[in-house]
Amino acid sequence: MNFSEVFKQSNQLCRVSPDGNYLATCVQYRLVVRDVNTLQILHLYTCLDQIVHMEWSSDSLFVLCAMYKRGLVQVWSLEQPDWYCKIDEGSIGLVSSRWSPDGRHILNTTEFHLRVTVWSLCTKAVSYIKYPKACQKGIDFSRDGCYMALAERRDCRDYVSVFVCDDWHLLRHFETETQDLAGVEWSPNGCVLAVWDSCLEYKVLLYSLDGRLLSTFSAYEWSLGIKSLAWSPSSQFLAIGSYDEKVRILNHITWKKVTEFDHPATINNTKAVMENKICPLPVQVPVVKPDLDRANPKVGVSSMAFSSDNRYLATKNDNMACVVWVWDMQRLGLLAVLEQTSAVRCFQWDPRRPRLALCTGNAKLYLWSPAGCVSVQVPAEGGFQVQSVNWHCSGDSLILLGKEQLCLCYMEVGEEDVK
């Protein structure tokens, strides 16, 4: 592996363009766009205030910068550096801003979730969508960019509206059987919309594009419920992580549970590999006892990710913060347990091959693949502490983010698997 020099960044705002050619970083109120290969600065833009959110358009031609406290959004063009767009939401405020899939509309959510404003960069037309719900994941676009699902709250009831992104007309509007809807997420193939309830009630509802309820899944009652949810890239599996420290896997044909994965404190599975240490079974996993009297207790499965080939699922159980679990989705069993010396901050799969990168807030990068596990010291001066990792879309490099710095890690040619 090779490492680049270290660059400044603010608020962990560093994004590779969708086409993989550019690297955009924010430093206070400046937006810096570099060539991802040479890391030479191509464009330097100055915003009106400190940037708190930054996002590329889908065609990599524009960059959105949001300044929520000021209620401002500025959009910059790579093709025409002198052109820019400024959107001022005024006194109604701004809590989130994002691109539509076509890269020519911007969706702003106002304070108190009074409405979503859709701004067109082409025609300067403005549309308003009422009653957006303030929840964990209230908006989701289908992978093909054709549809938008929006969670709504009106008259003390939950609804979902499905819009066609071409002209923003309403395709379907239906009430959901939830007490307090927490999120919506399309399957990767765009055929099914998953809707889940708040943590106070374990309930997942699966709807078709035309609003028909296909199935409802509830594992238990009268206890804290769902904490995370993840679709497999093929849409064949839906993984549901919950506060009872288990992951339940639903299949896409009957929407019934095919298996569940436990995160035990004692590992007796002879088929699982305990990485980072060699020791006889049984193995004790370090557990931190959560304070159940406090809100959002650190217990349960909060993070899950499928590998790009659908073969593996990585999970993290919050009261075992130093451990990442890797499950084999072909034999539906535990494959590896990656134990670290400190809490895992972030993990992410290589988008092209089954290779997992993770970090723990120290000066090391950790990689796992079916071939083995390795840790690499980041050779940066001043004690670079890796807070999060992001793969380049090619899988040939990684962006390592520190508190106020970043550097790139390049995989050497032929380094397809971790040795």
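The values are calculated or read from the model by the stated rules, or taken from the named source; none is laboratory data. Since the model is a prediction, treat every value here as computed from it, not as a measurement. Counting neighbours? That spans all protein chains shown, and the Cβs are built from the backbone with ideal geometry, glycine included. Just the protein is used for accessible areas: all its heavy atoms, side chains included, with ligands, DNA and RNA removed. Shrake-Rupley method; radii C 1.70, N 1.55, O 1.52, S 1.80 Å.
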The stretch 380-402: number of residues that are at pLDDT below 95 and open to solvent by 20 Å² or more (accessible area, probe 1.4 Å): 4
Every pair of residues 6+ apart whose Cβ atoms lie under 7 Å, when the first sits in the stretch 184-204 and is among the basic types (Lys, Arg) while the second is open to solvent by 40 Å² or more (accessible area, probe 1.4 Å): LYS203/THR216; LYS203/SER218
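Those residues that are assigned to a helix (DSSP H, G or I) and either of a type in the set (S, T, N, Q) or closer than 14 Å to TRP119 by Cβ (or both), I need them from the stretch 70-100; list them, please.
First pass over the stretch 70-100, keeping only residues assigned to a helix (DSSP H, G or I): 70, 90-92.
GLY90, SER91, ILE92, listed by residue number.
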All positions within the stretch 28-39 that are crowded, with 18+ Cβ neighbours inside 10 Å and within 17 Å of HIS53 (Cα to Cα): LEU31, VAL32, VAL33
The listed residue being touching a strand residue (DSSP E or B) at 6+ places or on another chain (Cβ under 8 Å) and open to solvent by less than 70 Å² (accessible area, probe 1.4 Å), out of LEU78, LEU42, LEU48: LEU78
Test: residue in the stretch 134-150 that is open to solvent by 60 Å² or more (accessible area, probe 1.4 Å) and over 25 Å from the mean Cα position of the chain (by Cα): no
Unique match (being aromatic (Phe, Trp, Tyr) and part of a loop (DSSP other than H, G, I, E, B)) among TYR202, TYR207: TYR202
One residue from LEU292, LEU281 being over 18 Å from GLY183 (Cβ atoms), open to solvent by 20 Å² or more (accessible area, probe 1.4 Å), free of Cβ contacts under 8 Å to residues at least 12 places away in the same chain and not basic (Lys, Arg): LEU292
Residue match in the stretch 317-325 (condition: more than 28 Å from ARG352 (Cα to Cα) and out of contact with any Ser or Thr (no Cβ under 7 Å at 6 or more places or on another chain)): yes
Of the criteria (1) surrounded by fewer than 19 Cβ atoms within 10 Å (Cβ to Cβ); (2) more than 21 Å from TRP368 (Cα to Cα); (3) in contact with a Leu (Cβ under 9 Å, 6 or more places away or on another chain); (4) not acidic (Asp, Glu), which one LEU250 fails: (1)
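If I filter the stretch 123-130 for residues that are of a type in the set (A, V, I, L, M, F, W, C) and closer than 13 Å to LEU72 by Cα, do I get at least one hit?
First, the residues of the stretch 123-130 that are of a type in the set (A, V, I, L, M, F, W, C): 125-126, 129.
Adding the requirement that they be closer than 13 Å to LEU72 by Cα leaves none.
Scanning the stretch 123-130 turns up no residue that is of a type in the set (A, V, I, L, M, F, W, C) and closer than 13 Å to LEU72 by Cα.
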Subset tally (residues that are over 26 Å from GLU412 (Cα atoms) and of a type outside the set (Lys, Arg)) for the stretch 14-56: 20
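Which residue out of LEU170, LEU214 is more than 25 Å from the chain's Cα centre (by Cα), open to solvent by 60 Å² or more (accessible area, probe 1.4 Å), under 18 Å from ASN251 (Cα atoms) and not polar (S, T, N, Q)? Reasoning before the result, please.
Numbers: LEU170 fails: under 18 Å from ASN251 (Cα atoms).
Exactly one of LEU170, LEU214 is more than 25 Å from the chain's Cα centre (by Cα), open to solvent by 60 Å² or more (accessible area, probe 1.4 Å), under 18 Å from ASN251 (Cα atoms) and not polar (S, T, N, Q), namely LEU214.
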Matching residues in the stretch 102-114 - criterion: being touching a Gly at 6+ places or on another chain (Cβ under 6 Å) and open to solvent by less than 40 Å² (accessible area, probe 1.4 Å): THR110
Filter result (in contact with a Leu (Cβ under 8 Å, 6 or more places away or on another chain), of a type outside the set (Asp, Glu) and not in a loop (DSSP other than H, G, I, E, B)) within the stretch 256-288: LYS257, VAL258, THR259, PHE261, ILE267, VAL273
